[in-house]
Each structure stands twice: as C-alpha cells, then as structure tokens.
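I have placed the structure first, in the form of structure tokens, so that the comments after it can refer back to it.
The values are calculated or read from the model by the stated rules, or taken from the named source; none is laboratory data. Model, not experiment: these values are computed from the prediction. When we count neighbours, we look across all protein chains shown, and the Cβ atoms used for this are built from the backbone with ideal geometry, even at glycine. Keep in mind that these areas ignore ligands, DNA and RNA; they rest on the heavy atoms of the full protein, side chains included. Shrake-Rupley method; radii C 1.70, N 1.55, O 1.52, S 1.80 Å.
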Amino acid sequence: MTTTRDPTLNPLELIVDPPAAGAWNMGIDEMLMERAAEQDIATLRFYEWSPATLSLGYFQNAADRTGHVASRDTQLVRRSSGGGAILHDRELTYSISLPTKHPLAADAETLYRRIHGSLLTTLAGFGISAVLNKQALVQLGGEPFLCFERRAVGDVLLEGSKICGSAQRRRRGAVLQHGSILLARSSAAPELPGIAELAHAPLSSAALREAWIDVWNRTLYPLRACDPYSPEQLTAVERHTADKYGSDAWTKRR
C-alpha cells in the first residue's frame, strides 16, 4: 500500500489535541472545516475523548441509544457526518479538513482509500496485518446501531473484525472526514474487540499516532505543526459547542 509522495506538495497543518469532551471535539472539527472553506487551509487532526462518549451518526435516532445497554450511561453527542454510532473510549480519532480543490478531496472513495491505506502501512510497521474490506455487508432488518458492527467497502479489518471506519461531510468549499481506530475493547461496548485483543498486542494511541504521522510525511502529504488555536478560533469552537453540539436540540433532533 506504500506510495511515494510528491515533495512539491503543500503541507497540511498538523494538530494533536489532548482528550476532550465530545461536543468540544465536534466543535473543533466544525471550525476546521469552516477554515478549510474560507481560507483554503488543509488540516490533519488527531484527538481522543474524555469522558467516554457515544457519538451518533447524523441520521440516527437518539432514542435508539437506549437499546445499547452497555453505553447508556456514557455522554452522548451527534456528529455532523453519517454512519453508525461510535463508542469513543479506548481508541484514536483523526479528522482531515480539506478545501474542495485539494487533490485528496476530489472524490469520497479516493479520500477513504488513501487514508485507510496509510493506516494499513502504519499497522504493518507494528507487525499487524490489517486489510481493506472489499464488499459491503447487507444485513436483514437494517443496519446495526454501532458503526463497528457495520461493513462498508474500504473499512479496515483485522482478523475479520472492523477496527477503523470513517465518515464524511461535504459542504460548499470544504470536506471533513473523521474516523476512529479501535485500540482495545471498552466496557461500554464489550462486543467490539480492538487491536489489543485481535492482534494480541497492546498499541497505545501515542505510538499509533506518531507512526502514522511518519507514514503521512513519507507517503501522502508533508505535515507541519500548527500554531495553537487563536482566540478567534476558540470563540468559533465555543459557539459551535454551545449552539449545536452541546445542545439537546441538535443531539436529540431525531
């Protein structure tokens, strides 16, 4: 899966954030998507969640979360992207915000393939042989509630179990893609094994992140460290958090 990048490509800004609440994390992704549209700035962001949070896909019914007993007591947030619910606990999340004119943003399939392919290369460096799912799984009775129990073309599988899935949101001028890499089983989603269980080897979020950054630099696009969020950017995040991602009107809108 390894390719050689063009050294003349403009770098993406790299952000590594500490663990934060779900509404705040989604507010940052919204702000970065706006910046991509308005300022033509491409950003790769890595982050985690604290406390453990269940994120609903945009089209999911909030009431359906009561059917998943193990995660009932976790915080709840709704993403702006589609797909199934994700239990963010023992995992690493990435997001990429791109102006629509960026080569990686040309079409959804290319973006999924390039990013998930770079993850396969990264995992291979740890001796973990993951693959891309080649065929969507159509299940009678509708899609499962949890994202990691669904199967779409391009998902990352390890020993037959899904360990990474991504979702996109497109708006005028920008595209946002974010995805979750399941590192280990969570008590709030015990039916989902992670890399630790499937590969019989623990992999920390920091180790995976740093190795993936190296693969990005070598095979996709160069990265440069981003300055800390400006007061204006933080104000935008606070607005998105208060008015949208932290409000019941948004979270329980379906």
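So here's what we get for this one:
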| quantity | calculated |
| --- | --- |
| Test: residue in region 230-251 that is out of contact with any Lys or Arg (no Cβ under 6 Å at 6 or more places or on another chain), among the β-branched types (Val, Ile, Thr) and farther than 17 Å from Ala20 by Cβ | no |
| Filter pass, Trp216 being touching a strand residue (DSSP E or B) at 6+ places or on another chain (Cβ under 9 Å), under 19 Å from His88 (Cβ atoms) and not charged (D, E, K, R) | no |
| Pick from region 149-185, criterion farther than 20 Å from Gln135 by Cβ and touching a Cys at 6+ places or on another chain (Cβ under 8 Å), ranking: surrounded by the fewest Cβ atoms within 10 Å (Cβ to Cβ) | Ser180 |
| Single condition Arg254 does not satisfy, out of (1) among the basic types (Lys, Arg); (2) out of contact with any helix residue (DSSP H, G or I) (no Cβ under 8 Å at 6 or more places or on another chain); (3) in a loop (DSSP other than H, G, I, E, B) | (2) |
| Criterion violated by Val153 - all others in (1) part of a loop (DSSP other than H, G, I, E, B); (2) more than 17 Å from the chain's Cα centre (by Cα); (3) on the phi < 0 side of the Ramachandran plot; (4) not charged (D, E, K, R) satisfied | (2) |
| Region 215-251, residues that are surrounded by fewer than 14 Cβ atoms within 10 Å (Cβ to Cβ) and assigned to a loop (DSSP other than H, G, I, E, B) | Asp227, Pro228, Ser230 |
| Matching entry among Ala130, Ala189, Ala167 (being over 22 Å from Ser55 (Cα atoms) and touching a strand residue (DSSP E or B) at 6+ places or on another chain (Cβ under 7 Å)) | Ala130 |
| Residue list for region 33-66, filter: assigned to a loop (DSSP other than H, G, I, E, B), under 17 Å from Val237 (Cβ atoms) and touching a residue at least 60 places away in the same chain (Cβ under 8 Å) | Glu48 |
| Unmet requirement for Val138, which otherwise passes all of (1) under 17 Å from the mean Cα position of the chain (by Cα); (2) part of a loop (DSSP other than H, G, I, E, B) | (1) |
| Pick from region 68-107, criterion among the hydrophobic types (A, V, I, L, M, F, W, C) and open to solvent by 40 Å² or more (accessible area, probe 1.4 Å), ranking: nearest to Ser50 (Cα to Cα) | Leu76 |
| Test for Glu191: is it of a type outside the set (Lys, Arg), open to solvent by 30 Å² or more (accessible area, probe 1.4 Å) and assigned to a helix (DSSP H, G or I) | no |
